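Coordinate-derived values only; no laboratory data. All values derive from a computational prediction rather than experimental measurement. Using ideal geometry, Cβ is built from the backbone for each residue, glycine included, and neighbour counts are taken over all protein chains shown.
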Amino acid sequence: MSCHFRTTRRVEFCETDLAGIVHFANFYRYMEQAEHEFFRSLGLKIVGFLPDGTKFGWPRVATSCSFDAPARYEDVIEVRLTITRRTARSLTIAYEFFRDEIHLASGEMKTVFCIMSPDTGMKSADMPADYAEKLDRAAGL
């Protein structure tokens, strides 16, 4: 599986527990931050408005993360993002976390393109063609 986007971040003290190890919940935050950077790199938004003024977003419908080695305060972590599945309405992304070449964790997040309306609430919809095209191109599809 080839990586479609890479980013790095430094572990902050507030992200660690008393042992100085990154609290597991922060890996979900790191996945979301990498996803946002990836979308921005493609000129896309996670939340915004369609040309007709309809609000849209990408709520999470499934996430997971497993851990192999600890990350600690001041570590620089590389997050490697890979699109593993794209449908007309959803996007599944795998995340791999490394410190140097040490594998720290693996995660996955599935999101669904939704439109939001005061009248109908939130409902899934086909993502706009420009989103599909840019995501497919980034994934080499």
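A compact table of results
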{"item": "Estimated FRET transfer efficiency when R0 is 30 angstrom, pair LYS123-PHE24 (beta carbons, to 0.05)", "result": "0.40"}
{"item": "C-alpha long axis of helix 129-138 to longest principal axis of the chain, angle in °", "result": "30"}
{"item": "Extension gain (nm, one decimal) between ILE102 and ARG6, 0.36 nm per residue minus Cα-Cα", "result": "33.0 nm"}
{"item": "Helix-derived mean residue ellipticity, 222 nm - over the chain, DSSP H n ≥ 4, -39500 (n - 2.57), to 500", "result": "-6000 deg cm²/dmol"}
{"item": "Between 0 and 90°, nearest 10: helix 25-41 axis offset from the chain longest Cα axis", "result": "50"}
{"item": "Rg/Rh (Cα only; Kirkwood hydrodynamic radius) as it applies to the chain", "result": "1.01"}
{"item": "Label point at GLU37 placed 7 Å out along Cα→Cβ; residues across region 73-90 whose backbone nitrogen lies under 13 Å", "result": "76-82"}
{"item": "Linear extension gain, ASP136 paired with ILE46, 0.36 nm per residue minus alpha-carbon span", "result": "30.8 nm"}
{"item": "Highest-fluctuation residue, LEU42, LEU91, LEU81 considered, GNM on the chain with Cα pairs under 10 Å", "result": "LEU42"}
{"item": "GNM flexibility winner over the chain from ALA62, ALA34, ALA105 (Cα, springs under 10 Å)", "result": "ALA62"}
